[in-house]
Amino acid sequence: MTNKEERPAGCVLRLFGAPEQTVQKAVEALPDTWQGTVHCRSRGAETLVALQSSTPQQLHRAVQQLRTSLAPALYGEGEQTLAAAAVQALEQHRKLLVCSDTAAGALLETRLENLPGAEKVFDFGAMSYANTALTARLSRKLRKAPQAEPARTLARVQGMQKLTGAALAVGCVELPQSRLLLVGGKKGCWLRCVAPDENPGLWLLDLLRRAACGLPQAGGTSWQPYGKAVPDAALTPASLTAAPPAPPRPKRRRLGKALVVLLLLALAALAAGWYYTGGDLAALPQKLQSLGAESLPHAGAKLV
């Protein structure tokens, strides 16, 4: 009878936005002790990696290694969908999502409407673009905003994020031969331009999943601060082979100023000690002790 530990085991990993060569390198990097089989199948930006091993232990080690090397792109296992992974990421990280326009809502609502927990993280337009009172306030807020796209949609995403207080606001600009997807937070937006046949809805879900988890975005996605013009390069359908964008760095001005003040105080103390001891800092403790208690102000004394 075959031992239970020796029964074959299998697993399917699901990735989105990973270049084919990146997946291939990760598979080739599996240790020589790996005696199982790996099959990869890609459709558009989505890739399925099927692993089959002779033992569960061996499979577990291989899966853990691939999880580490393909972490940003790996969104689930088995039958999990990208939409379910996006909802799970938003819920786990307590991120509320709203849409700033109808085009973005059309890409997301049909994919999220039947998923458990989606109503906890997505308003389905009720408190955002489909809310008459709120859109009226947003229109007044956008009176001085640029009229040309995509600058106006960028301003709309920022305005919607502020009015609703949501962690993430999304928008979509329908260009002549592509769509520009925007996922905005407090400081700016992630931008990705995709062709209609690249399934913009899935790309928007992946942008949201990564943004909610704080993961690097797929190569070809750019970061756009609010208040700055959208570069022409962002309006061209992106390639997965492009370098991944650098996430915005948090400002550390306060910490830097505090360190400068502490350094200046230390230098001032060193200079005072040098002057007081005539350059012999080793004698400073003895000098301080020789001052005696009488040289210090006592109770009832007045400093003139």
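Every read-out reported here was derived from the displayed coordinates using simple, explicitly stated rules and does not represent laboratory data. Computed from a predicted structure; not experimentally measured. Note that we place each Cβ from the backbone using ideal geometry, even for glycine, and neighbour counts take in every protein chain shown.
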| request: For the stretch 109-208, count the residues as N, evaluate 2.2 N^0.38 Å, and divide the Cα radius of gyration by that value, please. | output: 1.08
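Give the calculated FRET efficiency between residue 262 and residue 68 to the nearest 0.05, with a Förster radius of 35 Å applied to their Cβ-Cβ distance. Don't skip to the end; give the middle numbers.
Values: r = 39 Å, r/R0 = 1.11.
For R0 = 35 Å, the calculated efficiency reads 0.35.
Compute the signed sum of charges (Lys and Arg +1, Asp and Glu -1) over the other residues within less than 11 Å, Cβ to Cβ, of residue 90. Present the calculation step by step, with values, prior to reporting the outcome.
Values: positive: 94, 95, 120, 209; negative: 91.
Combined, the nearby Lys, Arg, Asp and Glu give +3.
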| Calculated FRET value between residue 57 and residue 119, using beta carbons and R₀ = 41 Å, to 0.05 | 0.50
| How many angstrom separate the Cα center of the stretch 78-101 from the Cα center of the stretch 1-75? | 24
| field | Sites residue 126 and residue 226 - FRET efficiency at Förster radius 25 Å, r taken between beta-carbons, to 0.05 | value | 0.50
| query | Tally Lys/Arg at +1 and Asp/Glu at -1 over every other residue whose Cβ is under 15 Å from the Cβ of residue 113; what's the total? | reply | -1
| request: Subtract the Cα-Cα distance of residue 110 and residue 236 from 0.36 nm times their separation in residues, and report this length gain in nm to one decimal. | output: 42.7 nm
| message | What are the ³J(HN,Hα) couplings of the stretch 186-201, residue after residue, when phi is run through the Karplus curve with 6.51, -1.76, 1.60 and θ = phi - 60°? Round to Hz, x for glycine and proline. | response | 6, 9, x, 10, 8, 10, 8, 9, 10, 6, x, 7, 8, 6, x, x
| said: Skipping prolines and chain starts, which residues have an amide H placed within reach, meaning under 5 Å, of the one on residue 55, given they are 5 or more residues away or on another chain? | reply: 9
| Inter-probe distance in nm under a simple model that places probes 7 Å from Cα toward Cβ, at residue 93 and residue 197 | 3.2
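For the pairs 95/141; 120/187; 95/120; 141/187; 95/186, note any where the Cα-Cα span goes beyond 21 Å. Kindly include the intermediate steps, with their values, before the conclusion.
Details: 95/141 24 Å; 120/187 24 Å; 95/120 9 Å; 141/187 18 Å; 95/186 12 Å.
Beyond 21 Å: 95/141; 120/187.
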